[in-house]
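J.: Shown below is the structure under consideration.
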Amino acid sequence: MPQIAKGGKYIFGWSLVREDGRLKIPEEALEEYGFIPGENVILLSGSKTSGGFIVTTKAAIQRSKISNILLEIPTLAEYQISDTKVIKHKGRFYGWTILKPGGVLELPNTTLSIFGVKPGDHLLAIRGSNLGIGMGVRGPIIEAARQHPEIAVF
């Protein structure tokens, strides 16, 4: 996993968003965060700088400082909203999906659009906080990563 700038964030690689809304999370990221194919993962909007979204689990949210979200949005906590729907709560977007075998996420274009992503985009899989994997689409870290052709594309 490269660190593209001294003191900078670690990255796992690029995830290409396919025309059908599929994207692959790099294996190293899956292992580091303990994601298991077949489990439900929660998506929440990324930072204002990097955009995109964060991939996390209910257990990781429960251990974080945003654990109150699960109480405030019980339909998300219990996966009672459709896995193709994204909801807005206090200025942030939330949704969920099932992590497919091989670390694949399958997201409808409407969901991608809400997160500012479209087919053909390369999302940079970034080691975020303990919360989850950042899937950034823009900003300084993305521009810096584009200068490194050795970064793998998944």
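The values are calculated or read from the model by the stated rules, or taken from the named source; none is laboratory data. Please read these numbers as outputs of a predicted model, since none were measured by experiment. Positions of Cβ are backbone-derived with ideal geometry, glycine not excepted, and every protein chain shown enters the neighbour counts.
J.: Could you grab me the full set of residues in segment 43-60 that are within 13 Å of Gly128 (Cα to Cα) and charged (D, E, K, R)?
T.: none
J.: State whether one or more residues within segment 85-101 are exposed (fewer than 13 other Cβ atoms within 10 Å of the Cβ) and under 13 Å from the mean Cα position of the chain (by Cα).
T.: Among the residues of segment 85-101, not one is exposed (fewer than 13 other Cβ atoms within 10 Å of the Cβ) and under 13 Å from the mean Cα position of the chain (by Cα), which makes the answer no.
J.: Now, a different point. Please enumerate the residues belonging to segment 36-57 that are within 17 Å of Lys100 (Cα to Cα), over 12 Å from the mean Cα position of the chain (by Cα) and not β-branched (Val, Ile, Thr).
T.: Listed by number, the residues that qualify are Pro37, Gly38, Glu39, Asn40.
J.: Here is a further query. As an exercise: evaluate Lys48 against (1) closer than 27 Å to Ala144 by Cα; (2) surrounded by fewer than 12 Cβ atoms within 10 Å (Cβ to Cβ); (3) modelled with pLDDT of 95 or more and give the number of the one condition it does not meet.
T.: Lys48 satisfies every listed condition except (3).
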